[in-house]
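**Q** Here it is, the structure in full.
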Amino acid sequence: MELANKTIIVTGASSGIGEAAALLFAEEGANVVLGARRDPELKNLADRIVRSGGKAAHLAGDVTGDAYAKALVDLAETEFGRLDAAFNNAGAIGDMAPVEDMGEENWQHVIDTNLTACFLSARAQIPAMRRSGGGSLVFTGSFVGFSNGGLPGMAAYAASKAGLVGLTQSLASQHAVEGIRVNALLPGGTMTPMAGDDPDGRAFIENLHPMKRMAAPREIAQTALFLLSDRASFVTGSPVLADGGISVRLA
């Protein structure tokens with residue numbers, strides 16, 4: 001039970017990596033606080049966890065709102081008495097287009113969802129972790145925007161994820177002395193709804209990876225589990241690649 005009695009917020013929990021992580025963390029003994037926009041999916045996931053003997057609470061909302069970040073922390077402390085960790089995983093790809101064809105609305109939406117939301121989450125979560133005597137934050141980044149992993153048409157996404165690494169490193173440096181670790185998890189292509197359902201598109205992404213496949217969501221969740229657990233007690237400020245080698249191939 002790697003996460004026994006730890007209370008962990010998981011955003012983007014209604015599907016994909018977030019859903020897989022919530023299930024895994026609950027299996028490993030965590031009290032999970034589930035966040036995402038879609039309430040029916042969150043309720044269904046919370047019910048599955050409780051039926052399996054785990055503990056879960058959920059609250060639907062928009063991660064780009066400051067009030068929602070605070071509400072998830074309040075829910076964690078009200079339901080479970082403390083906050084020990086957070087997997088800030090919610091994200092958006094946005095429209096793929098050259099910069100000259102990209103609308104400002106799309107740019108802002110991607111930056112708000114992938115970067116500003118993580119700032120708001122951290123601002124709400126760190127004081128609660130301080131009250132608990134320490135903790136661990138993990139943000140979901142990407143190989144895109146890191147280690148030469150640039151892809152055409154993804155300027156907004158790449159900029160947001162590159163900025164997230166900078167945020168991670170600054171927070172890690174600031175809060176390490178308080179026993180609060182901060183890391184970024186950088187997945188490669190993963191079989192989630194965000195990856196789309198075009199077989200040719202998926203085959204192209206799979207072939208970019210030296211492993212010639214995409215990750216299952218649970219494989220990425222396993223890396224998040226490590227970073228949130230005490231096994232990673234000396235790991236902070238790190239962009240941790242779980243990308244099937246794609247960044248090595250593109251470097």
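Just so you know, all these numbers are worked out from the coordinates, no wet-lab data involved. Being a predicted model, the structure only gives us computed values, none of them experimental. A quick note on method: Cβ atoms are made from the backbone with ideal geometry, for glycine too, and the neighbour counts reach across all protein chains shown.
**Q** Please state the relative contact order of the stretch 7-250 as a whole percent: Cα pairs under 8 Å, 6+ residues apart? Can you show the working numbers first?
**A** Numbers: 497 pairs, mean separation 48.7, N = 244.
Averaging sequence separation for qualifying contacts and normalising by length gives 20 percent for the stretch 7-250.
**Q** How much length, in nm to one decimal, is gained on full extension between Arg218 and Ala67, taken as 0.36 nm per residue of separation minus their Cα-Cα distance? Write out the running numbers ahead of the final one.
**A** Numbers: separation 151, 0.36 × 151 = 54.36 nm, distance 2.98 nm.
The Arg218-Ala67 span can extend by a further 51.4 nm.
**Q** Let me ask another. Relative contact order for the stretch 19-64: what is it in percent, counting Cα pairs under 8 Å that are at least 6 residues apart?
**A** Numbers: 61 pairs, mean separation 19.5, N = 46.
In percent, rounded to a whole number, it is 42.
**Q** So if I take the centroid of the Cα atoms in the stretch 129-191 and the same for the stretch 194-251, what is the distance between those two points in Å?
**A** 14
**Q** Could you give the dipole magnitude of the stretch 7-250 about its Cα centre, charging the beta-carbon of Lys and Arg +1 and that of Asp and Glu -1, in debye to the nearest 20? Show your work: numbers first, answer last.
**A** Details: 19 positive and 26 negative charges, 165 e Å.
Charge dipole of the stretch 7-250: 800 debye, to the nearest 20.
**Q** Sticking with this structure for a sec: Which residue fluctuates most in the GNM of the chain (Cα springs below 10 Å): Ser52, Ser233, Ser136?
**A** Looking only at Ser52, Ser233, Ser136, the biggest GNM fluctuation is shown by Ser52.
**Q** Give the total of Lys-Lys pairs in the stretch 7-250 with Cα-Cα distances below 30 Å; include a pair only if its members are 8 or more places apart or on different chains. Display every interim value, and only then the final one.
**A** Values: Lys43/Lys55; Lys43/Lys70; Lys43/Lys161; Lys55/Lys70; Lys70/Lys161; Lys161/Lys212.
So the count works out to 6.
**Q** I'd like the distance between the alpha-carbon centres of the stretch 1-32 and the stretch 54-126, rounded to an integer number of Å.
**A** Cα centroid to Cα centroid, the span is 16 Å.
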